[in-house]
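What follows is one structure encoded as C-alpha cells, with my remarks underneath.
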C-alpha cells in the first residue's frame, strides 16, 4: 500500500493553530491594561479610561498631556492626526484574568467575520467584477496581447509592478488594496513563463517593503511620529535610503528566482501544483488560438484599469476606505455588464460565480481578525507591551535599539495593525530612547522595520489571505521568503545602528 505523503496544513488550519495558541496564552500571561487617552472633538476634552473601566474627563490642553507624561503636541489630537486611544505611560495595571476558553475560541471567528465585513465585502464584490470580465474573454485577450508585448523582456513586469506598489506602500500604506490585483496579474505572470510566487512576491513584497520603509505614510510614519512626539521628517532620510536599498535587493531576489523558473519550470516551488494552477488561471487561454482583442474587450479592460487609479486616488487624497472602494467596484461591475452585452441573467450568474471563487479568501480575513479579538478579550496585548518595555531598561544604546527591533517583530505578530501598534506602543517605547541618549525618531524606525519584517510571514496579517487567493501553500512561501527576510533584517539592523550614531 502506498504511503500517504504528509501535506502542509491549509491557511484555515494554520490560523486555527495560532488562534488556539493565543487562547492558551490568556491562561498563562497575566491580564493587564494601560489607561487610555482619547480626544473628544465635540467637547474639546480628553477622555481617560482607566484599566478598570473608570472614565474621567480632563481639559484638552498641553498641560494635561505634560502631566500625563505624553510628550506630544496637543494640536496633533485637535487636528485629528492622532485619532485612536493612546496608552498613558506608567499607567499599566493588572486586572482580573479573563481566559478565553473553548466557547470563546468557537465564537471568535464568527465575531471576526462581523468585524471584517468591510474588507470581506470588498473581496466578494471584486470577485464578482472579475467573474464578469472573465466571462467575456477580455482577460484572455489582454493576457495574449501583453504576452506578445513583453516577449523576451518579461523581467520588466517584475520591476515595474514591484516599484509601483512599493511607491504606493511608502506613501499611503498600499496593502489590503493589493488583494484586487492578484486575479488580474497571476494569469499575466503565468502566461509569461513565471510561477505564482513571482507574482505574489512582486505585489506583496512591493507593498511590504514600501510600508516597512514608509516615508510619508499617514498610517505608519506620520501617526507613529506624532505619538512619539517628533515630526515625521525626523529619520525620514534614513528610511528613504533603506527603501531604495531594500527594494533593489527585493527586485534582484525575485528576478533571480523568476529566471530560474523560466529556464527550468521544475525549479519552481509550486511545480507539483503547476497543472492545477494553470487550469485555474489559464483554463481559457490558449496561445495557439488567442482570443481576439476586440474594441469592446479593450474598453472593458481600460475601464477596469482606470478603476484602480480612481481607487488609489480615493485612498490617498479623498479619505476613502473599504466602503467607498467596494461601491466603486460594484458600480464598475454594473457598467461592464452593460458594455459586455451579455444580458441580465448571464451577468448575474457571472458575478455570483466570481464572488463565490473568493469566499474562502474572505473567510480567512475574518478568522485572522479572530486572533486579535481573543487577545483583546483576554487583555494580554498591553501586558506583552509592558513586559517588552521593561526588557530594555538599563541597556547601552547599541544593544538597546537592536532589542527594540526584535521586540517590535514580536509585537507586530500579535498586533498587525500599523496605526494600532503605533498609538499603543509609542507613548510607552519612545520615552525609553531618552534614557539611553537616543532620539525618539529611531524608535519610529525600529517600529516600522520590526512590524514590516514580521508582516512578510505573520499569519495574523495579510499573507494567508493572499496565498489562499492564489492557491499557494504557506510552506512554499516560507521557503521562498526566509532568505530574503534574513537579508532585509540585516539591512534594518545596520540602518538602526547607523541612525543611533547620527
Test: residue in the range 92-102 that is crowded, with 23+ Cβ neighbours inside 10 Å, in contact (Cβ under 8 Å) with a residue 24 or more places away in the chain, part of a strand (DSSP E or B) and in contact with a strand residue (DSSP E or B) (Cβ under 6 Å, 6 or more places away or on another chain): no
Single unsatisfied condition, residue 501 versus (1) under 15 Å from residue 235 (Cα atoms); (2) in contact with a helix residue (DSSP H, G or I) (Cβ under 7 Å, 6 or more places away or on another chain): (2)
Of all residues making up the range 406-420, the number that are within 20 Å of residue 493 (Cα to Cα) and either under 18 Å from the mean Cα position of the chain (by Cα) or part of a loop (DSSP other than H, G, I, E, B) (or both): 7
Criterion violated by residue 60 - all others in (1) touching a strand residue (DSSP E or B) at 6+ places or on another chain (Cβ under 8 Å); (2) touching a residue at least 24 places away in the same chain (Cβ under 8 Å) satisfied: (2)
Residue ID - nearest to residue 332 (Cα to Cα), chosen from residues in the range 138-163 that are part of a loop (DSSP other than H, G, I, E, B) and modelled with pLDDT under 75: 151
Exclusive hit being under 21 Å from residue 385 (Cα atoms), in contact with a helix residue (DSSP H, G or I) (Cβ under 8 Å, 6 or more places away or on another chain) and modelled with pLDDT under 90, set 14, 18, 22: 18
Residue 269 at pLDDT 85 or above, in the same structural domain as residue 190 (by TED's automatic domain parsing) and outside any helix (DSSP H, G or I): yes
Residue within the range 207-226 that is within 22 Å of the chain's Cα centre (by Cα), under 30 Å from residue 138 (Cβ atoms) and free of Cβ contacts under 8 Å to residues at least 40 places away in the same chain present: no
Some residue of the range 70-82 being surrounded by 13 or more Cβ atoms within 10 Å (Cβ to Cβ), under 30 Å from residue 466 (Cβ atoms) and without any contact (Cβ under 8 Å) to a residue 24 or more places away in the chain: no
Hey, residue 446 touching a residue at least 60 places away in the same chain (Cβ under 8 Å), under 30 Å from residue 74 (Cβ atoms), touching a helix residue (DSSP H, G or I) at 6+ places or on another chain (Cβ under 6 Å) and buried (at least 21 other Cβ atoms within 10 Å of the Cβ) or not: no
Candidate set from the range 337-354 (those that are closer than 30 Å to residue 463 by Cβ, at pLDDT 85 or above and surrounded by 15 or more Cβ atoms within 10 Å (Cβ to Cβ)); member that is farthest from the chain's Cα centre (by Cα): 350
Helices (runs of 4 or more DSSP H) (entirely within the range 434-502) containing at least 3 residues that are touching a strand residue (DSSP E or B) at 6+ places or on another chain (Cβ under 6 Å), assigned by TED's automatic domain parsing to the domain that holds residue 225 and modelled with pLDDT under 95: none
Some residue of the range 483-491 being over 30 Å from residue 272 (Cα atoms), within 19 Å of the chain's Cα centre (by Cα) and surrounded by fewer than 24 Cβ atoms within 10 Å (Cβ to Cβ): yes
Given (1) buried (at least 19 other Cβ atoms within 10 Å of the Cβ); (2) touching a residue at least 60 places away in the same chain (Cβ under 8 Å), index of the condition residue 161 fails: (2)
The range 99-128: number of residues that are touching a helix residue (DSSP H, G or I) at 6+ places or on another chain (Cβ under 6 Å), at pLDDT 85 or above and more than 20 Å from residue 417 (Cα to Cα): 6
Some residue of the range 53-61 being surrounded by 15 or more Cβ atoms within 10 Å (Cβ to Cβ) and either more than 24 Å from residue 111 (Cα to Cα) or modelled with pLDDT of 90 or more (or both): yes
Unique match (being crowded, with 19+ Cβ neighbours inside 10 Å and not assigned by TED's automatic domain parsing to the domain that holds residue 463) among 19, 65: 65
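The values are calculated or read from the model by the stated rules, or taken from the named source; none is laboratory data. Only a predicted model underlies this, so the values are computations on that prediction, with no experimental measurement involved. So basically every Cβ, Gly included, is an ideal-geometry build from the backbone, and we count neighbours across all protein chains shown.
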